[in-house]
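Data first, discussion second: the structure below is written as structure tokens.
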Amino acid sequence: MTSSPGTRTKISLRRFALLFSIFFLIAAGLGYPTLNRFDPRQTPGLSDAKIYAAMVAGTAGADAGHARFRVLVPWIARPIWRIAQGRIDTWDPVMFALLVANSLFVAATAALLIALGTRYFGSYPTALIAALLYLLNFAVPNLRLAGLVDAGEGFFLLALLWSLAEGITWLVPLLTILGTLSKESFLPFCVVFAAAWWLTERRQSLAIDRLMTLSILAGWALSLAALIAVQRIVSGSFTNPFEFGLTLHRGHNYLAHFASSLYDRNLWYVFLWLLPTAIPNLTRMPRPWLVATTATCAMAFVLDAYYGGEPGTIGRALFSISGPTLSLSSAILLAHNS
């Protein structure tokens, strides 16, 4: 990393808990319109919310496709839904449960971003600005808090970065398993991210922690096993991972789809201001962090070309991968010029 351990600072557990609580309330407020202002299940571009809502209520069938294997957020939401029924007046109990579950992940992401920013840049105010920029991005209230499951994937990607940066080996396999249960795209993302991180660290230092290497490899294997297991439980039959990957492919013109992804307005709603304000200070990011994030963003484009996602898909994925990094880099620019 770019700073020596002696210059790094940590936020206390008490402050982290306070930040998490405040950010949870902020996230719940940002997502409030889904309770009785509009229904994401009936909104174009948010059609997957109908599947996740059905998973919470236990009514999702085989017609839900591969989205029914994204079980973690609906699992967390289900007990909340059961408690909320008949107790929250006009609010939709299913959407309330999904909002609470997603708010937990959004709040955890923002709090963890502050912990990382404070530790590696030594400035709590700058890290706080980064968290607020993250929360105010178009992707958070309009996508992460609108009945989808991207909030879980985004959190576990940032948590993976944190565990690698801090050398917490035992946590890597657990995070990769939970991330894969959030969304199947997490598995290739974490493979590319961890591999790029490991290669960059190896180039910078000959002393590579063997335990971390084994932990990364174990995480990949266990995540694949978790994906197979959840597909077996949900569908009732064994699904070959290779065959599952083939079912996600949609025949189309790759170049045309790539061009349409770049011109997609949903992408620019997310990055129109975030990317220009982040670029000037990206070189200040720790090199393993930056290289791993860039490589994983490239993988997102590859997967999107293969899958042929609907408008907005690539923007959601790129924000999950790079949103925290870009928010922190933007915060450095704002704090420096304040």
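The values are calculated or read from the model by the stated rules, or taken from the named source; none is laboratory data. The shown structure was predicted, so the numbers you read here are calculated from the model rather than taken from an experiment. Every residue, glycine as well, gets a Cβ built from its backbone with ideal geometry; the counts of neighbours run over all protein chains shown.
What pairs can you find where one residue is in segment 317-338 and free of Cβ contacts under 8 Å to residues at least 40 places away in the same chain, the other is surrounded by fewer than 24 Cβ atoms within 10 Å (Cβ to Cβ) and basic (Lys, Arg), and their Cβ atoms are less than 7 Å apart, with a gap of 6+ or different chains?
none
Applying the selection to segment 36-51, what residues are touching a helix residue (DSSP H, G or I) at 6+ places or on another chain (Cβ under 6 Å), part of a helix (DSSP H, G or I) and either within 20 Å of Val106 (Cα to Cα) or not hydrophobic (A, V, I, L, M, F, W, C) (or both)?
Pro40, Arg41, Asp48, Ala49, Lys50, listed by residue number.
Please count how many residues of segment 288-338 are closer than 28 Å to Leu128 by Cα and in a loop (DSSP other than H, G, I, E, B).
Total satisfying the criteria: 3.
Residue-wise test of (1) buried (at least 21 other Cβ atoms within 10 Å of the Cβ); (2) of a type in the set (S, T, N, Q); (3) at pLDDT below 95; (4) closer than 25 Å to Pro324 by Cα.
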{"position": "Arg41", "(1), (2), (3), (4)": "no, no, yes, no"}
{"position": "Gly61", "(1), (2), (3), (4)": "no, no, yes, no"}
{"position": "Trp91", "(1), (2), (3), (4)": "no, no, yes, no"}
{"position": "Leu104", "(1), (2), (3), (4)": "yes, no, no, yes"}
{"position": "Ala108", "(1), (2), (3), (4)": "yes, no, no, yes"}
{"position": "Leu128", "(1), (2), (3), (4)": "no, no, no, yes"}
{"position": "Ala131", "(1), (2), (3), (4)": "yes, no, no, yes"}
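Determine which single condition Ile76 fails, assuming it passes every other condition in (1) buried (at least 18 other Cβ atoms within 10 Å of the Cβ); (2) among the β-branched types (Val, Ile, Thr); (3) out of contact with any helix residue (DSSP H, G or I) (no Cβ under 8 Å at 6 or more places or on another chain).
Of (1) buried (at least 18 other Cβ atoms within 10 Å of the Cβ); (2) among the β-branched types (Val, Ile, Thr); (3) out of contact with any helix residue (DSSP H, G or I) (no Cβ under 8 Å at 6 or more places or on another chain), only one is false for Ile76: (3).
Since Ser185 meets every condition but one in (1) farther than 17 Å from Phe69 by Cα; (2) under 17 Å from the mean Cα position of the chain (by Cα); (3) crowded, with 20+ Cβ neighbours inside 10 Å, which condition does it not meet?
(1)
One residue is enough: does segment 294-309 have a residue meeting the conditions among the β-branched types (Val, Ile, Thr) and modelled with pLDDT of 95 or more?
In the first step, residues of segment 294-309 are kept if they are among the β-branched types (Val, Ile, Thr); the result is 294, 296, 302.
Adding the requirement that they be modelled with pLDDT of 95 or more leaves 294, 296.
Checked against the condition, which is being among the β-branched types (Val, Ile, Thr) and modelled with pLDDT of 95 or more, segment 294-309 yields at least one hit.
Check Asn266 against each of (1) at pLDDT 95 or above; (2) buried (at least 18 other Cβ atoms within 10 Å of the Cβ) and name the one condition it does not meet.
It is condition (1) that Asn266 fails.
Looking only at segment 47-59, which residues are among the hydrophobic types (A, V, I, L, M, F, W, C) and surrounded by fewer than 20 Cβ atoms within 10 Å (Cβ to Cβ)?
To start, the set of residues in segment 47-59 that are among the hydrophobic types (A, V, I, L, M, F, W, C) comprises 49, 51, 53-57.
Hits for segment 47-59 are Ala54, Ala57.
Checking the condition touching a Leu at 6+ places or on another chain (Cβ under 9 Å) and β-branched (Val, Ile, Thr), which residue from Ile88, Ile51 passes? Spell out the reasoning first.
Details: Ile51 fails: touching a Leu at 6+ places or on another chain (Cβ under 9 Å).
Only one candidate qualifies: Ile88.
One residue is enough: does segment 86-100 have a residue meeting the conditions of a type in the set (Asp, Glu), in contact (Cβ under 8 Å) with a residue 12 or more places away in the chain and closer than 22 Å to Ala226 by Cβ? Working first, answer last.
So in segment 86-100, the residues of a type in the set (Asp, Glu) come out as 89, 92.
Now drop any that are not in contact (Cβ under 8 Å) with a residue 12 or more places away in the chain, which leaves 92.
Subset that is closer than 22 Å to Ala226 by Cβ: none.
No, segment 86-100 contains no residue that is of a type in the set (Asp, Glu), in contact (Cβ under 8 Å) with a residue 12 or more places away in the chain and closer than 22 Å to Ala226 by Cβ.
Mind checking which residues of segment 158-180 are among the hydroxyl-bearing types (Ser, Thr, Tyr) and either part of a helix (DSSP H, G or I) or buried (at least 24 other Cβ atoms within 10 Å of the Cβ) (or both)?
Ser163, Thr176, Thr180, listed by residue number.
Have a look at Leu328, Leu318, Leu272 and point out the one that is in contact with a Gly (Cβ under 9 Å, 6 or more places away or on another chain) and of a type outside the set (Phe, Trp, Tyr).
Details: Leu318 fails: in contact with a Gly (Cβ under 9 Å, 6 or more places away or on another chain); Leu272 fails: in contact with a Gly (Cβ under 9 Å, 6 or more places away or on another chain).
Matching residue, one of Leu328, Leu318, Leu272: Leu328.
Looking at (1) within 16 Å of the chain's Cα centre (by Cα); (2) among the small types (Gly, Ala, Ser); (3) surrounded by fewer than 19 Cβ atoms within 10 Å (Cβ to Cβ), which one does Ala146 not meet, given that it meets all the others?
(3)
Among the residues in segment 181-192, are any of a type in the set (Asp, Glu), in contact with a helix residue (DSSP H, G or I) (Cβ under 8 Å, 6 or more places away or on another chain) and in a loop (DSSP other than H, G, I, E, B)? Working first, answer last.
Step one: filter segment 181-192 for residues of a type in the set (Asp, Glu), giving 184.
From what's left, in contact with a helix residue (DSSP H, G or I) (Cβ under 8 Å, 6 or more places away or on another chain): 184.
Of the ones still in play, those that are also in a loop (DSSP other than H, G, I, E, B) are 184.
Checked segment 181-192: at least one residue is of a type in the set (Asp, Glu), in contact with a helix residue (DSSP H, G or I) (Cβ under 8 Å, 6 or more places away or on another chain) and in a loop (DSSP other than H, G, I, E, B).
Can you name the helices (runs of 4 or more DSSP H) wholly within segment 53-157 that have at least 2 residues being of a type in the set (S, T, N, Q)? Please lay out each step first, then the result.
Values: elements: 72-84, 93-121, 124-136.
Those helices (runs of 4 or more DSSP H) span 93-121.
Could you tell me whether Phe319 is surrounded by 23 or more Cβ atoms within 10 Å (Cβ to Cβ), over 21 Å from Trp198 (Cβ atoms), under 19 Å from the mean Cα position of the chain (by Cα) and not small (Gly, Ala, Ser)? Quick ask: steps written out before the conclusion?
Working: surrounded by 23 or more Cβ atoms within 10 Å (Cβ to Cβ): yes; over 21 Å from Trp198 (Cβ atoms): yes; under 19 Å from the mean Cα position of the chain (by Cα): yes; not small (Gly, Ala, Ser): yes.
Yes, satisfied.
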